[in-house]
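**Q** Sharing a structure with you now.
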Amino acid sequence: MKAVVFILACSAAASFAAPDPCSVLTTSQLESTFGKLKGAPKPDVGLQKEKECHYDNEDGNFLVLRIYSADRWEMQKGFHSESNPTVLPGLGDEAFMVKRGTDKEIYIRKGAWILEIRSSADSEKVKSLASLAAARLP
């Protein structure tokens, strides 16, 4: 009985592990939308323990993808409510974009996850990447 409970607990924990943000976009998708990559993707862990993936392109733009629990959705919406968020229909369950100087941030809630995308690339490129990445979230 203990072995069954342990196996079920491990399965449940594995199913709640955040997806790898370095796996939601292929190199082909990135290079056709974001531009020729400069180096390999750089996985990292954010300040709040969220999984991250960092990219740079040869034009000098950066792209950061973060994936973390949707439990933080209302907090993100509240935090960005004064930044004139633009609703992005058709991305996940709910999505919005804000600008911070010349950078763009897109927040997508889909199921149990938030996909956060931050980039210095132009808005249309960032929205295209967000659409591609959101499609691959569970």
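The values are calculated or read from the model by the stated rules, or taken from the named source; none is laboratory data. Worth saying up front: this structure is predicted, and the values here are computed from it rather than measured. Ideal geometry is used to build each Cβ from the backbone, glycine not excepted, and the neighbour counts take in all protein chains shown.
**Q** Pick from R118, R109: which is surrounded by 13 or more Cβ atoms within 10 Å (Cβ to Cβ), at pLDDT 95 or above, in contact with a helix residue (DSSP H, G or I) (Cβ under 6 Å, 6 or more places away or on another chain) and of a type in the set (D, E, K, R)?
**A** None of the other options fit; the residue is R109.
**Q** Let me ask something additional. So if I check each of E31, E52, which one is in a strand (DSSP E or B), at pLDDT 95 or above, of a type in the set (D, E) and surrounded by 11 or more Cβ atoms within 10 Å (Cβ to Cβ)? Walk me through how you get there before you give the answer.
**A** Working: E31 fails: in a strand (DSSP E or B).
The conditions single out E52.
**Q** Another question about this same structure. If you scan the range 35-49, which residues turn out to be farther than 16 Å from L129 by Cα and part of a loop (DSSP other than H, G, I, E, B)?
**A** K38, G39, A40, G46, L47, Q48, K49
**Q** Hey, another quick one. Would you point out the residue of the range 55-89, among those that are exposed (fewer than 11 other Cβ atoms within 10 Å of the Cβ) and in contact with a Lys or Arg (Cβ under 9 Å, 6 or more places away or on another chain), that is farthest from K127 (Cα to Cα)?
**A** G60
**Q** With respect to A130, is the statement that it is surrounded by 13 or more Cβ atoms within 10 Å (Cβ to Cβ) and out of contact with any helix residue (DSSP H, G or I) (no Cβ under 9 Å at 6 or more places or on another chain) true?
**A** It is true that A130 is surrounded by 13 or more Cβ atoms within 10 Å (Cβ to Cβ) and out of contact with any helix residue (DSSP H, G or I) (no Cβ under 9 Å at 6 or more places or on another chain).
**Q** All but one of (1) out of contact with any Phe, Trp or Tyr (no Cβ under 9 Å at 6 or more places or on another chain); (2) surrounded by 13 or more Cβ atoms within 10 Å (Cβ to Cβ); (3) among the charged types (D, E, K, R); (4) not in a strand (DSSP E or B) hold for K104, so report the exception by its number.
**A** Here K104 meets the rest and fails (4).
**Q** Select from the range 102-138 the residues that are farther than 18 Å from D56 by Cβ, within 10 Å of the chain's Cα centre (by Cα) and charged (D, E, K, R) and list them in ascending order.
**A** R109
**Q** Test G92 against the stated conditions and say whether it is part of a loop (DSSP other than H, G, I, E, B) and surrounded by fewer than 16 Cβ atoms within 10 Å (Cβ to Cβ).
**A** No: the conditions fail for G92.
**Q** Now for a different question. Go through the range 51-78 and count every residue that is touching a Cys at 6+ places or on another chain (Cβ under 6 Å) and without any contact (Cβ under 8 Å) to a residue 60 or more places away in the chain.
**A** Qualifying residue count, the range 51-78: 1.
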